[in-house]
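Report on one structure; see the data block that follows.
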């Protein structure tokens, strides 16, 4: 079957690629686009390891067709740090040891950033429900939730 | 080691591999690609049990794009009745688990594999393989597998003189249980079941393998041991270990489940046949159907106690599902469950039962949470029957230094009593629960902890920094702890130490990342290597100063003349000595290879508060505290992380996780949607209390911490739910339907 030509923006960069009609956005990212930060833990939208944002909206890239990226703004974990400067969430995850094996970490960070963009002052319950779509088998979530809450507090302070 | 002087040990440093892992740069197994790479897929059995009469791969081979097809015939043949041990595994089973030989033994059992230019073509070709099966009766549950009319999975396995699916028995005995129970004022006997649960690592198994024309083989894969991958691939393919280089990718969780191979030998043969690098990645469904899990079990536990709470006898009978090949963790179930207690009379027996499920793999303290579940739930009832606080009763009976464990060893330097005392003193335990349908449960857990083989190399760079190489995949932050130790010993800044995980060609043999052994063992070889390096540094300084090396001390990252030479020469830093390495004798570096011993056991006490919604049957974890003897916490944040992660897995095991089979013997919930692991909104913050009783047999006092925190979890949660409802539960998981049914049955009984 003929490939589809897609014109999109990924992490701010104008990007073109070809994909199969049935190809997922996750496979396009990890394959031809060489962005392997998003992970496939399940392929069915249950684990959140493949989280990206599309026009600022949090999605599981395994559930999105690559062709659907046409004309939209895609953001992945690779675009989260500004050069050598880590996003405050990334820095806080390191400081609090909010990762162990690290496979879920890109998805958790993308999701947490998306939360703080909508809600800069989330309660613990709000953090827990927002991240309920991101499975982590290592940490028991304790340090992840703390890292998100602490980052939110510091970002609020910095914005004052 | 003097705690006061520690600059890095005990500090919450930022892990050396951290930035790569928060920016998406870290390379996990499925992230690797190679030029010219092709993809392989596996054909799996549609039956839970069948003889393979024939396999015809001709149509698959003819499909355009297909480059190679493999079946069991392409691998080393191991006779089914002759053991081929490798560690705790048996390669005749590993071979048959990887690709079925005489029979398929579970739904999803690999039968053949195809490599093609795309994954889609490989999958299409799998459908063209014709397999002629003779379907056999099957059994997935223990009772069905050991029933007199059950079809044996193996013709050669016998139990008590008859063909059987009981493949093994293990017995631990101490004292005389009949005499013990005769002394008891209270005897409680209960039977329990637990369901198989999966390790649940988020990263599916994956590998890329390239076999060159001369046979030299390179494997990139995610595992809990690159040397295990090398050895098993060598066994199963016949390629010498020296021709295989196994490179460890970052590993996305294992919990024991990645201590064996599924894909690497298959990809190796397909690569050799096709002449192309071959990549294989399992789907989540394949992971759930055909890897792990740990055993489901049934058990009967009887415990006798005096009125004052003294335990006098314990008897446990544990049947564990091995899946389709022998080797369930009966040692963990029968061997760990009574071990924390100084009970004079114990008989603990485990039975290894094969059935038509996927072969079990290790899962975090394999078997121990199962045995502890039975024993700790009965202990709870014993305490209730004699009117004693359940923790106080446990403390009264706890093993101390010098207590002989039921499986043989005499305990030394253990912190069991201190751990329980810390739990008793905790603010959590002192705070009473007041709400309706709320309950508290406690439980203890014990695990062996392992030592074993490890290697390390410590090199000083020309600019005076340090590169440490070890041989253990870093599954939860071990690089950070190794850097803490090296920086401490050398007296330099943490940031000057790089820690790498070597591949099988670049570092000496190192056993698995498993058995809670990695930091224990790698700290020993890193310490010895670093001490050798410090000796070299002193010699280099002595040479420059023209004095004897014995007159040089190493302090705060510098060589300093001592004794009669004190103050005669300016101190020399690591950077200065590194820069002068060439003129003082060449490269500075040292290695160590040891078969480490002295890994003292792990012990944990858990306190769990729950609230039950009696209409919905849901259980909310209100509060959870994990108290554990952690030896010395080299990096406290990652020790806490191990404890919290273990707790979460125990909660999952207790409340929701289970394999569900349909009437055709197929796993009915092979997805993260239907196999319900704890999500973020299921849990509260998980409190930890680290009790530090340093291991005297270790240079830094390290004790393994990874596995013990899973062991008490299922029992602690079950005891809490029982306490909340006044109904005893004996079967896991405590899922909503089971809780609602128990409440209904209880009400019906009360009404009658």
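The values are calculated or read from the model by the stated rules, or taken from the named source; none is laboratory data. Small disclaimer: the values here were computed from a predicted structure and weren't measured. Cβ coordinates were reconstructed from backbone atoms using ideal geometry, including for glycine residues, and neighbour counts include every protein chain displayed.
Miscellaneous remarks
- None of B:249, B:213, B:234 is away from chain A (no Cβ under 14 Å), in contact with a helix residue (DSSP H, G or I) (Cβ under 8 Å, 6 or more places away or on another chain) and either farther than 19 Å from residue B:99 by Cβ or surrounded by fewer than 24 Cβ atoms within 10 Å (Cβ to Cβ) (or both) except B:234.
- Matching residues, segment B:312-344, being crowded, with 24+ Cβ neighbours inside 10 Å and more than 24 Å from residue B:709 (Cα to Cα): B:313, B:323, B:324
- Residues of segment B:19-48 classified as out of contact with any strand residue (DSSP E or B) (no Cβ under 7 Å at 6 or more places or on another chain) and over 24 Å from residue A:35 (Cβ atoms), total: 2
- Condition check for residue B:527: surrounded by fewer than 17 Cβ atoms within 10 Å (Cβ to Cβ), under 30 Å from residue B:419 (Cβ atoms) and at pLDDT 95 or above: no
- The listed residues are B:408, B:435, B:464, B:476, and the only one of them that is within 14 Å of chain A (Cβ to nearest Cβ) and assigned to a loop (DSSP other than H, G, I, E, B) turns out to be B:476.
- The condition of being closer than 30 Å to residue B:692 by Cβ and surrounded by 21 or more Cβ atoms within 10 Å (Cβ to Cβ) holds for only one of B:541, B:559, B:590, B:599, that being B:599.
- Candidates B:678, B:709, B:684, filtered to the one that is within 14 Å of chain A (Cβ to nearest Cβ), buried (at least 21 other Cβ atoms within 10 Å of the Cβ) and part of a loop (DSSP other than H, G, I, E, B): B:678
- Flag if residue A:116 is outside the structural domain of residue A:50 (by TED's automatic domain parsing), without any contact (Cβ under 8 Å) to a residue 60 or more places away in the chain and assigned to a helix (DSSP H, G or I): yes
- Per the conditions (1) more than 9 Å from every other protein chain (Cβ to nearest Cβ); (2) on the phi > 0 side of the Ramachandran plot; (3) crowded, with 18+ Cβ neighbours inside 10 Å, the sole criterion not satisfied by residue A:116 is (2).
- Residue A:44 falls short of the stated requirement of being outside any loop (DSSP other than H, G, I, E, B), modelled with pLDDT of 95 or more and surrounded by fewer than 23 Cβ atoms within 10 Å (Cβ to Cβ).
- Residue identified as assigned to a loop (DSSP other than H, G, I, E, B), within 14 Å of another protein chain (Cβ to nearest Cβ) and over 19 Å from residue B:30 (Cβ atoms) among A:21, A:32: A:21
- Residue in segment A:94-106 that is in contact with a helix residue (DSSP H, G or I) (Cβ under 6 Å, 6 or more places away or on another chain), on the phi < 0 side of the Ramachandran plot, more than 7 Å from chain B (Cβ to nearest Cβ) and assigned to a helix (DSSP H, G or I) present: no
- Output for segment A:59-85, where each listed residue is touching a helix residue (DSSP H, G or I) at 6+ places or on another chain (Cβ under 7 Å), within 14 Å of chain B (Cβ to nearest Cβ) and outside any helix (DSSP H, G or I): A:76, A:80, A:81
- Helices (runs of 4 or more DSSP H) fully within segment B:1-111 counting 2 or more residues that are in contact with a helix residue (DSSP H, G or I) (Cβ under 9 Å, 6 or more places away or on another chain) and surrounded by fewer than 17 Cβ atoms within 10 Å (Cβ to Cβ): B:58-62
- Residue match in segment B:61-82 (condition: over 16 Å from residue B:119 (Cα atoms) and within 13 Å of another protein chain (Cβ to nearest Cβ)): no
- Qualifying positions in segment B:586-602 - within 21 Å of residue B:332 (Cβ to Cβ) and assigned to a loop (DSSP other than H, G, I, E, B): B:597, B:598, B:599, B:600, B:601
- The condition of being surrounded by fewer than 21 Cβ atoms within 10 Å (Cβ to Cβ), farther than 24 Å from residue B:196 by Cβ and either modelled with pLDDT of 95 or more or in the same structural domain as residue B:404 (by TED's automatic domain parsing) (or both) holds for residue B:175.
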